[in-house]
Amino acid sequence: MAYRHPSAMPAEVVAALALAPGQIVADCTLGGAGHARLLLERISPGGILIGLDRDPAAIGNARQVLAPWTTQTHLFARNFVQLPEVLAELGIARVDGILADLGLSLYQLEASGRGFSFQRDEPLDMRMDPRSGPTAADLIRDLTAQDLSRLFFEFGEERHARVIARRIVSARRRAPIVTSAQLARLVADVAGRKSGRLHPATRVFMALRIAVNRELEDLERFLELAPRLLRPGGRLCVLAFHSLEDRLVKRAFRRLERPCTCPREAPVCTCGAVPLARVLTPKPLRPTSAEVAANPLARSTRLRAIERLEEK
């Protein structure tokens, strides 16, 4: 199957980054390269796009999708926290725009064969970068009931976390849990069959994926690094797909705009902290109903953006 992934909120992303011909932009999560193609159209002629994705399949797809702009494009199979190293390799100090689209791609769900979806019977892998790190099956095999429970509750907000964790530990004594279908059936037996929009295994699968890929730790690090790689007037745009991600983005952007650490009761600021950025989205932008109808994967998207301030 070809790499397939409809980009979320494409028009809003282009508007938020407000790029112009000749500028430099970093798409730190290429996915299906739909956003990258639109950004290249905006920065051409003369602009440069730096594309990163930890999934080698996304890089292979991007080389095809972005072939018309080969001379303007630099692609790297890297994690987005490695953006500073990538820029250093290219001899680029700062860029005019940075995009991070944090969602799973449709390809990863439907065709990667890595067990991201509970709709298929696949090896329980869940690594976005299949070249390194423990798999979801490794976590299911090795973690204690207490650690599994904490993982499901903190990363998936799963209310049946303890019961599911105990059931997993009991089941793995009899036979290894190594496929997505095995895990989905086990969770459904504990949490109840599908009711409403969410499958009962949704939160457990999300929690495992977040843990396997260190998504929240990497996002926090990225949000520290990325704003400092922008030129004054440059913009950072982040698309989040669940509340845990969006909360981290919201807090990080707020700290950049209001870094003061003085007590609230202090009449004047004495800490000397200087704002680094201006928040462009006091409230996150959401996809239109028309987009959600055409692309259901976009329904939970939240877009936030900041603009780097002039240095003082």
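The values are calculated or read from the model by the stated rules, or taken from the named source; none is laboratory data. The structure displayed is predicted, hence computed values, not measured ones. Here the Cβ is made from the backbone with ideal geometry for all residues, glycine too, and neighbour counts use every protein chain on show.
Looking at the stretch 39-104, the strands (runs of 3 or more DSSP E) lying wholly inside it that each contain 2 or more residues that are touching a Lys or Arg at 6+ places or on another chain (Cβ under 8 Å) sit at 95-101. When residue 44 is tested against (1) under 18 Å from the mean Cα position of the chain (by Cα); (2) surrounded by fewer than 24 Cβ atoms within 10 Å (Cβ to Cβ), exactly one condition is not met: (1).
Scan the stretch 51-59 and give yes if some residue there is touching a residue at least 24 places away in the same chain (Cβ under 8 Å) and in contact with a His (Cβ under 8 Å, 6 or more places away or on another chain), otherwise no. Spell out the reasoning first.
First, pick out the residues of the stretch 51-59 that are touching a residue at least 24 places away in the same chain (Cβ under 8 Å): 51-59.
Restricting the remaining residues to those that are in contact with a His (Cβ under 8 Å, 6 or more places away or on another chain) gives 51.
Yes, the stretch 51-59 has at least one match.
Residue 134 falls short on exactly one of the conditions (1) in contact (Cβ under 8 Å) with a residue 60 or more places away in the chain; (2) assigned by TED's automatic domain parsing to the domain that holds residue 241, and that condition is (2). Residues that are free of Cβ contacts under 8 Å to residues at least 60 places away in the same chain, in contact with a Leu (Cβ under 6 Å, 6 or more places away or on another chain) and among the small types (Gly, Ala, Ser): does the stretch 209-224 have at least one? No, every residue in the stretch 209-224 fails to be free of Cβ contacts under 8 Å to residues at least 60 places away in the same chain, in contact with a Leu (Cβ under 6 Å, 6 or more places away or on another chain) and among the small types (Gly, Ala, Ser).
Scan the stretch 67-89 and give yes if some residue there is closer than 25 Å to residue 279 by Cα and among the hydroxyl-bearing types (Ser, Thr, Tyr), otherwise no. Looking through the stretch 67-89, none of the residues is closer than 25 Å to residue 279 by Cα and among the hydroxyl-bearing types (Ser, Thr, Tyr). Only one of (1) within 16 Å of the chain's Cα centre (by Cα); (2) surrounded by 17 or more Cβ atoms within 10 Å (Cβ to Cβ) is not met by residue 308, so which one is it? Failing condition for residue 308: (1).
On the stretch given as the stretch 101-124, residues that are touching a helix residue (DSSP H, G or I) at 6+ places or on another chain (Cβ under 6 Å), buried (at least 22 other Cβ atoms within 10 Å of the Cβ) and either more than 21 Å from residue 184 (Cβ to Cβ) or of a type in the set (D, E, K, R) (or both) total 1. Going through (1) without any contact (Cβ under 8 Å) to a residue 12 or more places away in the chain; (2) not assigned by TED's automatic domain parsing to the domain that holds residue 221; (3) not acidic (Asp, Glu) one by one, residue 116 falls short only on (1). In the stretch 73-93, the residues that are within 14 Å of residue 49 (Cα to Cα) reach residues that are among the polar types (S, T, N, Q) and part of a helix (DSSP H, G or I) with C-beta atoms within less than 9 angstrom, at least six apart or across chains, in these pairs: 76/82.
Among helices (runs of 4 or more DSSP H) entirely within the stretch 143-194, having at least 3 residues that are closer than 15 Å to residue 212 by Cβ singles out 145-156.
Here is a yes/no grid of residues against (1) more than 22 Å from residue 82 (Cα to Cα); (2) among the charged types (D, E, K, R); (3) in the same structural domain as residue 79 (by TED's automatic domain parsing):
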residue	(1), (2), (3)
219	no, no, yes
231	no, yes, yes
256	no, no, yes
270	yes, no, yes
